[in-house]
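S.K.: The structure that follows is given in the form of structure tokens.
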Amino acid sequence: MTLNAHFAGYLGNFTLDARFAFPAKGLTALFGPSGCGKTSVLRCIAGLNAMDFGLFDIGGETWQNRNMFLAPHKRSLGYVFQDANLFPHLSARGNLLYGAKRAGRSQKADAPAPSSVDFDNLVELLGIGHLLDRAPANLSGGERQRVAIGRALLAQPKILLMDEPLSALDHQNKSEIMPYLERLHDTLSIPVLYVTHALDEVTRLADHMVLMEKGRVMASGALADVLSRLDLPFQQDDASGVALDAMIVERDTRWHLALGDFGGGKLWFRDPGLPLGSKVRLRILASDVSLSSVRLNGASILNLLPAKVVEVAPGDHPAVVLARVNVGGTPMIARLTARSAETLSLAPGVETWVQIKTVTVLK
């Protein structure tokens with residue numbers, strides 16, 4: 001099931017015309033540079049921005065169309081801001097219970113909670129049981145954000161909106177909160193719209209991606225599909241590449257390696273210590289992918305997979321070429337020299353061998 005959003009109009013001198021679809025479950029990242037309209041879209045969904053035109057329905061309920069506009073306090077949503085915005089006079093427990101009370105006021109007595117979040121389970125999931133009696137002033141930035149997320153979810157929302165929740169945190173606090181965001185991702189049955197301008201957060205957390213620029217949507221789709229498009233600006237970055245999900249099916253205890261099955265084949269990577277059958281997200285940079293017209297046996301590279309070239313495009317320098325290849329149905333990107341591309345006669349439809357030097361485990 002997919003949800004459709006379309007908001008158009010003026011916010012001062014800024015023009016917004018954002019139209020996109022996203023899954024009714026999982027995390028959708030709204031990605032783009034500062035000032036491109038990501039937060040404005042979130043505020044439109046929350047009803048905080050009333051645009052000239054707006055369209056959004058969720059869970060059989062219309063929040064906005066050409067004929068009606070539902071007030072913000074009547075929209076069943078959770079909103080997590082850059083700053084946790086906890087009530088300073090309440091303990092962490094008090095802040096969480098405020099969210100639960102809000103759910104009680106907004107839900108009909110016989111209506112099931114949309115997200116079915118239980119207080120005790122959520123406290124355990126977020127790892128905040130030992131923080132319940134502390135005041136917000138005595139919490140770290142990451143701890144405050146975890147409490148803020150819990151408060152938003154205890155309101156039993158139909159959708160969770162997160163506006164750059166990690167941008168105000170230092171590296172240590174980001175590292176602290178990321179595993180909890182991953183656990184939420186695996187647990188929640190509601191859609192999450194997550195605003196960020198950090199590509200590493202997108203590749204680690206998102207299932208779906210919406211790329212924005214100057215108030216418009218440039219691309220929208222499954223994470224792997226958007227990350228592998230060669231016509232998008234972030235492909236010129238040295239950190240460009242793809243993210244894919246795999247299942248650990250084998251391990252080599254002697255060399256501390258694990259083998260992951262991602263549907264298009266199998267990849268060796270450093271053993272994260274997870275049980276067989278565990279799901280992991282892998283990151284493969286375009287700069288770590290090379291192509292060969294033949295399978296090169298006896299090389300130091302462990303991961304060699306057959307593929308077919310889908311597209312070839314210029315890189316950020318005349319000497320550089322980007323190639324999008326299909327590996328058993330999974331897209332990957334290779335960054336190589338224009339000279340090598342000509343030597344290999346790279347063109348759509350050409351069969352090749354993908355050689356992957358490094359595979360990084362994100363989670």
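S.K.: What single numbered condition from (1) touching a residue at least 60 places away in the same chain (Cβ under 8 Å); (2) crowded, with 16+ Cβ neighbours inside 10 Å; (3) over 20 Å from the mean Cα position of the chain (by Cα) fails to hold for residue 251?
M.R.: Single failed check for residue 251: (1).
S.K.: Pairs only if they're at least six apart or on different chains, beta carbon under 8 angstrom, first in segment 80-96 and of a type in the set (Phe, Trp, Tyr), second assigned to a loop (DSSP other than H, G, I, E, B); list them, first residue then second.
M.R.: 81/165
S.K.: Show the residue pairs meeting these rules: Cβ distance below 6 Å; 6+ apart or different chains; first residue within segment 119-136 and of a type in the set (Asp, Glu); second residue open to solvent by 20 Å² or more (accessible area, probe 1.4 Å) and part of a loop (DSSP other than H, G, I, E, B).
M.R.: 133/91
S.K.: Can you pull out the residues in segment 223-245 that are farther than 19 Å from residue 20 by Cα and of a type in the set (Gly, Ala, Ser)?
M.R.: Within segment 223-245, 239, 240, 241, 243 qualify.
S.K.: While we're on this one: Mind checking which strands (runs of 3 or more DSSP E) fall wholly inside segment 281-363 and carry at least 3 residues that are farther than 23 Å from residue 252 by Cβ and touching a helix residue (DSSP H, G or I) at 6+ places or on another chain (Cβ under 9 Å)?
M.R.: Those strands (runs of 3 or more DSSP E) span 303-314, 320-327, 330-337.
Residues checked against (1) open to solvent by 40 Å² or more (accessible area, probe 1.4 Å); (2) closer than 14 Å to residue 158 by Cα; (3) at pLDDT 95 or above:
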| position | (1), (2), (3) |
| --- | --- |
| 8 | no, no, yes |
| 25 | yes, yes, no |
| 32 | no, no, no |
| 35 | yes, no, no |
| 107 | yes, yes, no |
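S.K.: Among residues belonging to segment 254-312 that are at positive phi and open to solvent by 50 Å² or more (accessible area, probe 1.4 Å), point out the one that is modelled with the lowest pLDDT.
M.R.: Among them, the one singled out is 298.
S.K.: Also: What number of residues in segment 286-305 are touching a residue at least 12 places away in the same chain (Cβ under 8 Å) and more than 27 Å from the chain's Cα centre (by Cα)? Spell out how you get there, then give the answer.
M.R.: So in segment 286-305, the residues touching a residue at least 12 places away in the same chain (Cβ under 8 Å) come out as 286-296, 299, 301-305.
Filter again for more than 27 Å from the chain's Cα centre (by Cα), leaving 291-296, 299, 301-302, 304.
Selection size over segment 286-305: 10.
S.K.: Regarding segment 179-186, can at least one residue be identified that is in contact with a Gly (Cβ under 7 Å, 6 or more places away or on another chain), in a strand (DSSP E or B) and not basic (Lys, Arg)?
M.R.: no
S.K.: What about residue 44, is it in a loop (DSSP other than H, G, I, E, B), farther than 17 Å from residue 152 by Cβ and open to solvent by less than 10 Å² (accessible area, probe 1.4 Å)?
M.R.: Criteria not met by residue 44.
S.K.: Output the number of residues of segment 313-363 satisfying the condition of being free of Cβ contacts under 8 Å to residues at least 60 places away in the same chain, β-branched (Val, Ile, Thr) and surrounded by fewer than 20 Cβ atoms within 10 Å (Cβ to Cβ).
M.R.: Count: 4.
The values are calculated or read from the model by the stated rules, or taken from the named source; none is laboratory data. On a predicted model such as this, the values are computed, not experimentally measured, just so you know. Here Cβ is always computed from backbone atoms with ideal geometry, including for glycine, and neighbour counts include all displayed protein chains. Remember, those area values only see protein heavy atoms, side chains included, never the ligands or the DNA or RNA. Shrake-Rupley method; radii C 1.70, N 1.55, O 1.52, S 1.80 Å.
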